[in-house]
Amino acid sequence: MALLALTAACIASVQAKAATVTLNALAFGTNTSPVISNQITENFDSRTAGTLANFTNGALSFTSQNSTIQNGSVAGQFAAPYFQGGADTSNYLNVFGGATETIKLSNSLGTYFGLYIGSLDTYNSISFYKNNSLIQSFSGTQIASLTGLTASNYPNSTASNANRYVEFKFDIGSYFDQIVLGSGTNSLEVDNLTVGLAVTQGVPEASTWMMMILGFLSVGLIGYRRRGSGVALRLV
């Protein structure tokens, strides 16, 4: 019974492990992700500007709740991300205030997420989920604090420290299968998304490894006790 209790405690400890995510802002002028293994990229240029952002790209499924593909800027609504050479002239994703864009990974887990954020605002948010459970969420304020950038309380900033490519790197115990982009008010504008996929086939999760190890220990302990009992019986 003590061993079973220890097993349950160890498994609970593994499952309750907090997500470990490392954030990094690339230098101004770098508008896309570095090439990583097993990646899917989305630059929205093959999508139709002015439409809801509902589409698939390989293992990624994009679902809009009033988020749209845009090109150019409309005062008070959305503004193209600002690059080193000027405003983004290609398509990009716009998430209105109160809207969301959900990116789901099909039969895959994500290890990396990168995106170019235009005019990072305090009221923007990026959240990561696994099996429909939130594992980590970042507001614009938190992203700025963790990367050295500046999150403004007003839209359409062209400052270099508010327009950057931001990376989210996850450790092996914190892989995700869903991303939700949101904004408290107009707007969150992003471009050049990259998702790095984990090679998970045949690789047990940490909790599974713990159960296997404790199972082997249990079998060994039971065998040891039986051998001990056998010796005692022969001495009687």
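The values are calculated or read from the model by the stated rules, or taken from the named source; none is laboratory data. All figures in this text were calculated on a predicted structure; none of them were measured in a lab. Quick reminder, even Gly has a Cβ in these numbers, built from the backbone with ideal geometry, and neighbours come from all protein chains shown. Each accessible area value is taken on the protein alone, full model and side chains, heavy atoms only, with ligands, DNA and RNA left out. Shrake-Rupley method; radii C 1.70, N 1.55, O 1.52, S 1.80 Å.
What number of residues in segment 160-177 are surrounded by fewer than 22 Cβ atoms within 10 Å (Cβ to Cβ) and part of a strand (DSSP E or B)?
2
Go over the candidates 134, 149 one by one and state the one that is closer than 25 Å to residue 39 by Cβ and either open to solvent by 50 Å² or more (accessible area, probe 1.4 Å) or among the aromatic types (Phe, Trp, Tyr) (or both).
134
Here's a check for you: in segment 107-131, which residue that is open to solvent by less than 10 Å² (accessible area, probe 1.4 Å) and outside any strand (DSSP E or B) is farthest from residue 181 (Cα to Cα)?
The extreme case among them is 119.
In this structure, is residue 215 surrounded by fewer than 21 Cβ atoms within 10 Å (Cβ to Cβ) and at pLDDT below 95? Working first, answer last.
Values: surrounded by fewer than 21 Cβ atoms within 10 Å (Cβ to Cβ): yes; at pLDDT below 95: yes.
Yes; evaluated as a whole, the condition is true for this residue.
Regarding residue 34, is this residue farther than 23 Å from residue 124 by Cα and open to solvent by less than 70 Å² (accessible area, probe 1.4 Å)?
Judged against the criteria, residue 34 is a match.
Being among the β-branched types (Val, Ile, Thr), open to solvent by less than 70 Å² (accessible area, probe 1.4 Å) and part of a loop (DSSP other than H, G, I, E, B), is that true of even one residue in segment 67-79? Can you show your working first?
Taking segment 67-79 as the starting set, the residues that turn out to be among the β-branched types (Val, Ile, Thr) are 68-69, 74.
Add one more test, that the residue is open to solvent by less than 70 Å² (accessible area, probe 1.4 Å), and what stays is 68-69, 74.
From what's left, part of a loop (DSSP other than H, G, I, E, B): none.
Checked segment 67-79: no residue is among the β-branched types (Val, Ile, Thr), open to solvent by less than 70 Å² (accessible area, probe 1.4 Å) and part of a loop (DSSP other than H, G, I, E, B).
Quickly run through segment 80-98 and pick out the residues that are over 13 Å from residue 49 (Cβ atoms) and open to solvent by 20 Å² or more (accessible area, probe 1.4 Å).
Result: 82, 83, 84, 85, 87, 96, 97, 98.
Scan segment 66-89 and tell me whether some residue there is touching a Pro at 6+ places or on another chain (Cβ under 7 Å), closer than 11 Å to residue 190 by Cα, touching a residue at least 12 places away in the same chain (Cβ under 8 Å) and not basic (Lys, Arg).
Quick first cut of segment 66-89, residues touching a Pro at 6+ places or on another chain (Cβ under 7 Å) only: 79, 88.
From the residues that got through so far, the ones that are closer than 11 Å to residue 190 by Cα too are 79, 88.
Still in the list and also touching a residue at least 12 places away in the same chain (Cβ under 8 Å): 79, 88.
Applying the additional criterion that residues be not basic (Lys, Arg) yields 79, 88.
Within segment 66-89 (the criterion being touching a Pro at 6+ places or on another chain (Cβ under 7 Å), closer than 11 Å to residue 190 by Cα, touching a residue at least 12 places away in the same chain (Cβ under 8 Å) and not basic (Lys, Arg)), the answer is yes, since at least one residue qualifies.
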